[in-house]
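The values are calculated or read from the model by the stated rules, or taken from the named source; none is laboratory data. Note that the coordinates shown come from a computational prediction; the quantities given were computed from them, not determined experimentally. Cβ placement follows ideal geometry from the backbone for every residue including glycine, while neighbour counts extend to all protein chains displayed.
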Amino acid sequence: MVSTTAPAASTPRARRLSRRNTLAGWSFILPNFIGFAALTLVPVVASLALAFMKWNSYSTPEWVGLDNFRRMVDNANFWTALYNTTYYAVGHVPLTLVAALGFAVLLNRKLRGVRFFRTALFFPYITSLVAVAVVWNMLFSPDAGPVNQFLRAVGVDSPPGWTTSTTWAMPALIITSVWRDMGYYMVLYLAGLQTIPGELYEAAEMDGASAWERFWHITLPSLRPTTFFVLIMLTISSFKVFDLVQVMTEGGPGRSTLVLSQLIFREGIEQGRFGYSSAIAMVLFVVVLLITVVQFRLQQRKER
Amino acid sequence: MTATATTPERRDGSYTGAAPVRPRAPRRRGTAVAGRIALHVLLTILGLAVMVPFLWMVMSSLKLDSQVFTVPIRWIPEEFHWDNYTRIWVRIPLATYLKNSLFLSVVITALQVLTGSFAAYGFAKVRFPGRDTLFIAYVATIAVPWQAYMVPQYIIMEKAGLVNTHLSLILLQAFGAFGVFLMRQYYLTIPDELCEAARVDGLSEYGIWARIVLPLSKPALASLALLTFVNTWNDYMGPFIYLTSNDLWTVQIGLRSFVGVYDSEYAMIMTGSVLSVLPILTVFLIGQRYFVQGIATSGLK
């Protein structure tokens, strides 16, 4: 904690100054803090407490200990959602990372049209999700959709049913989300590439290193901090995935793309089971937290 | 955090420039040119592949419903049906949706930028006990997935009788921690001496914020404003959870509901999609560099 006027804190003048600073500081923060406290801080804390309570729309809250968690463990929907969310993350994280890094390396040079490509690649990220989902749903249309027409043209006899098939709906979601997100992470990688000194490459070229060797021994190690950050952001956002699934497949067909956030929404807001949904929310939070902590540890070990 | 979009040219330029000095120069030059051409071709193919969904969206929006799915694909419509763009306004209350989206985006952006930059000044330039603890509380909530506390939020809104009002979305989104965080990071780069000098000259803290810090932080304000505007415009989950009356709906929720009810009016769906993306494209092209700076500031510090 930073003390305001360290050595002279006891003189009346200094105390007056400190009090004035406190008042001024709070007056700046207060307009935002009121809204933030009421609608973010309180709900976060409440969500922790609600996980241990039984509370439906019309009953009064009642402390039930671990009951919600027991019910959750016995519930098939929960395990399906956890599995699907993990499946999505396992597909979405590495594919987006590789695509983002690949495009960043390709586009980090002086070439005509490079700025246009960067803009084009970034644009899907800020395009509204509804438009993205609607277009991709049509592209993935099993019979006459462009994706399957292309697959047939290159010799795939019975291309997948994508969003109409329980096995292919999740890959369809993953492809769409990689397309949407890669431009954002590419921008982060481009920023990372700026920090690598050009002399490193010149020296390596003098020593006869091939382009691949230069990438593997200079670019990749130098980008480690960026990769670490990208990995955390991607993992967290994968586990939070919600709107894409809600708009594109609504969790279907069947329960094949039901994810954790959707289950929280269905149980908590649609069914009004506030306590039970908060228990699922806590699992989501703990998973995200654990992944972040583990990745931090790994990163620290590598740096040593 | 310098703008990535503008400066990454120097490295490549410097080593192709140095090439002739080396003994193997002539052959390497040949491969370099071939490599450049290959790269151009590769980039063009990849670039087009990435753009295909947009191309398909625009082209389908100009077709008849029956011509959207054809085997083989017709990329260019036989006949351009521009009337789709006039018919959609009567087909769905698009004007109302656009008005609602615009209203929410503008109000939320204004409040977020105002309260965010105001609070950020308190966190970055005023020293008082408890300040850093409070800031940690802000940052910590950014790490908590919103989905984990959306149910308590909903309960609060329900008890306050604000479900199915625009006010609920404004309250939920205007006081986010993200804006405070982004602006604080930027204010930290403004030298304290500047504020100190202004204090000596007798300017109050509010005066320093308004007359010194705010004018210096225009790029960060622009980043925050653009990011908030686009996020609000594109938000689906907020309106989906809170707004049930058709006349309150935003473009996103209106479009989604149209798709749900008239799922075979392919061309009209694409027309709506194009119209919902157009405002964002405009905003993006105008303020492109601020987006990139905003991502770099909030992401890599």
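Taking the conditions (1) touching a Lys or Arg at 6+ places or on another chain (Cβ under 9 Å); (2) free of Cβ contacts under 8 Å to residues at least 12 places away in the same chain in turn, B:Y121 satisfies each one other than (2). Scanning segment A:112-141 for residues that are farther than 27 Å from B:M268 by Cα and more than 7 Å from chain B (Cβ to nearest Cβ) yields a count of 4.
Is segment B:222-234 home to any residue that is over 12 Å from the mean Cα position of the chain (by Cα), in the same structural domain as B:Q147 (by TED's automatic domain parsing) and not β-branched (V, I, T)? Even if it seems obvious, please write down each step before you answer.
Initially, segment B:222-234 is screened for residues over 12 Å from the mean Cα position of the chain (by Cα), giving none.
No.
Of all residues in segment B:236-276, which are small (G, A, S), surrounded by 20 or more Cβ atoms within 10 Å (Cβ to Cβ) and closer than 14 Å to B:L94 by Cβ?
B:G254, B:G272, B:S273, B:S276
Taken residue by residue, segment B:62-82 has no member that is closer than 25 Å to A:I175 by Cβ, in contact (Cβ under 8 Å) with a residue 12 or more places away in the chain and within 28 Å of the chain's Cα centre (by Cα).
Please indicate, with yes or no, whether at least one residue in segment B:99-112 is facing another protein chain (nearest Cβ under 9 Å) and charged (D, E, K, R). Looking through segment B:99-112, none of the residues is facing another protein chain (nearest Cβ under 9 Å) and charged (D, E, K, R).
Would you call A:L231 under 30 Å from B:K159 (Cα atoms) and in contact (Cβ under 8 Å) with a residue 24 or more places away in the chain? Talk me through it step by step, then tell me what you get.
Details: under 30 Å from B:K159 (Cα atoms): no; in contact (Cβ under 8 Å) with a residue 24 or more places away in the chain: yes.
It is false that A:L231 is under 30 Å from B:K159 (Cα atoms) and in contact (Cβ under 8 Å) with a residue 24 or more places away in the chain.
Could we say that A:V293 is under 21 Å from the mean Cα position of the chain (by Cα) and surrounded by 16 or more Cβ atoms within 10 Å (Cβ to Cβ) here? Don't jump to the end; show me each part of the working.
Details: under 21 Å from the mean Cα position of the chain (by Cα): yes; surrounded by 16 or more Cβ atoms within 10 Å (Cβ to Cβ): no.
Judged against the criteria, A:V293 is not a match.
Looking only at residues in segment B:255-271 that are more than 13 Å from A:L129 (Cα to Cα) and in contact with a Gly (Cβ under 9 Å, 6 or more places away or on another chain), the one that is farthest from the other protein chains (Cβ to nearest Cβ) is B:F258.
Here is a yes/no grid of residues against (1) free of Cβ contacts under 8 Å to residues at least 12 places away in the same chain; (2) within 11 Å of another protein chain (Cβ to nearest Cβ):
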residue	(1), (2)
A:S18	no, yes
A:F33	yes, yes
A:A38	yes, yes
A:P61	no, yes
A:V64	no, no
A:V90	yes, no
A:F103	no, yes
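Every test in (1) surrounded by fewer than 16 Cβ atoms within 10 Å (Cβ to Cβ); (2) more than 7 Å from chain A (Cβ to nearest Cβ) is passed by B:P129 save one, and that test is (2).
What number of residues within segment B:163-218 satisfy the criterion of being hydroxyl-bearing (S, T, Y) and within 12 Å of chain A (Cβ to nearest Cβ)?
First, the residues of segment B:163-218 that are hydroxyl-bearing (S, T, Y): B:165, B:168, B:186-187, B:189, B:204, B:206, B:217.
Filter once more, keeping what is within 12 Å of chain A (Cβ to nearest Cβ): B:168, B:187, B:204, B:206.
Of the residues in that region, 4 qualify.
Residues of segment A:269-281 that are farther than 13 Å from A:M53 by Cα and at the interface with chain B (Cβ under 9 Å from one of its Cβ atoms): A:I269, A:A281. Out of the residues in segment B:235-254 meeting the condition of being among the aliphatic types (A, V, I, L, M) and at the interface with another protein chain (Cβ under 9 Å from one of its Cβ atoms), tell me which one is farthest from the chain's Cα centre (by Cα). Top of the filtered list is B:I241.
Regarding segment A:216-224, can at least one residue be identified that is touching an Asp or Glu at 6+ places or on another chain (Cβ under 9 Å), assigned to a helix (DSSP H, G or I) and either closer than 30 Å to B:S66 by Cα or in contact (Cβ under 8 Å) with a residue 12 or more places away in the chain (or both)? First the steps, then the outcome.
First, pick out the residues of segment A:216-224 that are touching an Asp or Glu at 6+ places or on another chain (Cβ under 9 Å): A:224.
Retained after the next criterion (residues that are assigned to a helix (DSSP H, G or I)): A:224.
If we keep only those that are either closer than 30 Å to B:S66 by Cα or in contact (Cβ under 8 Å) with a residue 12 or more places away in the chain (or both) too, we end up with A:224.
Within segment A:216-224, one or more residues are touching an Asp or Glu at 6+ places or on another chain (Cβ under 9 Å), assigned to a helix (DSSP H, G or I) and either closer than 30 Å to B:S66 by Cα or in contact (Cβ under 8 Å) with a residue 12 or more places away in the chain (or both).
The set of residues in segment A:107-132 being farther than 21 Å from A:T96 by Cβ and of a type outside the set (A, V, I, L, M) consists of A:R109, A:K110, A:R112, A:G113, A:R115, A:F116. Being modelled with pLDDT under 80 and not charged (D, E, K, R) is a description that does not apply to B:T44.
Hey, can you tell me all the residues within segment A:53-102 that are in a helix (DSSP H, G or I) and of a type in the set (K, R)? Within segment A:53-102, A:R70, A:R71 qualify.
Counting the residues of segment A:249-262 that are at pLDDT 90 or above and either more than 10 Å from chain B (Cβ to nearest Cβ) or farther than 21 Å from B:G238 by Cβ (or both) gives 2.
Matching residues to (1) within 26 Å of the chain's Cα centre (by Cα); (2) part of a helix (DSSP H, G or I):
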{"position": "B:V151", "(1), (2)": "yes, yes"}
{"position": "B:G161", "(1), (2)": "no, no"}
{"position": "B:L167", "(1), (2)": "yes, yes"}
{"position": "B:L172", "(1), (2)": "yes, yes"}
{"position": "B:R184", "(1), (2)": "yes, yes"}
{"position": "B:R199", "(1), (2)": "no, yes"}
